[in-house]
1. For a test of understanding, tell me how many lysine pairs in the chain have Cα atoms under 24 Å apart, given they are 8 or more places apart or on different chains.
2. May I have the pair-distance distribution P(r) for segment 2-86, computed from all Cα-Cα distances with 5 Å bins from 0 and rounded to whole percent?
3. Which entry in (i) 0.96; (ii) 0.99; (iii) 1.01 matches Rg/Rh (Cα atoms, Kirkwood Rh) derived from the coordinates of this structure?
4. Kindly state, as a whole number, the per residue volume in cubic angstrom of the convex hull around the alpha carbon atoms of segment 44-127.
5. Going 7 Å from the Cα of GLN232 in the Cα-to-Cβ direction, what parts of segment 174-212 have a backbone nitrogen less than 18 Å from that spot?
6. If I take all pairs of Cα atoms in segment 173-228, what percentage of them are more than 17 Å from each other?
7. Simple spin-label model, 7 Å along Cα-to-Cβ: LEU87 to ARG173 in nm?
8. Assigning unit charges at the beta carbon (Lys, Arg +1; Asp, Glu -1) and nothing else, what dipole magnitude in debye, to the nearest 20, does the chain show about its Cα centre?
Amino acid sequence: MIYDEPRFLTGGDRAIFVEFGDAIDPQINRRVRTLALVLQKEGIPGVIETVPTYRSLLVYFEPRQINARQLRETLYQLAQSPEEGELRKPRLIEIPTAYGGEYGPDLEFVAAHNSLSVPEVVRLHAGTPYLIYMIGFIPGFPYLGGMSSKVAAPRLATPRVKIPAGSVGIADRQTGIYPAESPGGWQLIGRTPLKLFDPGREPPALFQAGNYLRFTSITPEEFTRVQQAVTQGTYSVKETVME
């Protein structure tokens, strides 16, 4: 549900949450990203950083420059007249992904859990544009919306201690990609050879909230070729502007 008016919650003595709804919804997320953009343009003294999530914006501030009451009033006013036209057109990023086998050890479980064949799971998961709602958990991890409920699967009962970078996972009705080697409890169905986060790149993260990505199925041989090109710095990520 989208709230008629934003709701404000205190995040300690240096942060305020601005909530726009209570669901994972594109329109709610658009309001979140719009307010973040407006705050960036306004350059309000005392506002240090904003962190967009699915349905809220976390605003960090310096209380010696602006107090919580003043900031809440300012945020309320800015949220009433969002400049949605200022949001740039989203970009669609292609993510080459090898499904199953050593790249996706849980693909067969996801298929059996949903009474589907492995090719059906791949078809339903790949080829769909996924909205990038937010980046979190670890640097560069995209939280996505738009996955078919037909391939939903529960989290692992016991999380893995180590998951390879680039692993594509499913948890309930969510899907995402691990940008770096890390622990995790999602069902792994594939892996991309792309480097999703690089501190030496500008910007470091491949993904930004508000853009879209689409998985494309590739063979293990293609995975190796793309991986080599990425390592050599000769691979160009495929992006298109969405209308």
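1. Going through the chain pair by pair, I get 5.
2. All Cα pairs, binned at 5 Å, distribute as 3, 16, 30, 27, 17, 6, 1, 0 percent.
3. Of the labelled values, this structure produces (iii).
4. So the per-residue Cα hull volume is 194 Å³.
5. 193-195
6. Details: 772 of 1540 pairs.
Roughly 50 percent, rounded to a whole number.
7. Modelled inter-label distance: 2.0 nm.
8. Approximately 140 debye in magnitude.
Taken together, the values in this text are just the output of simple stated rules run on the coordinates, not laboratory data. Owing to the predicted nature of the structure, the values given are computational and were not obtained by experimental measurement. For neighbour counting, all protein chains shown are included, and Cβ atoms are generated from backbone atoms with ideal geometry for every residue, glycine included.
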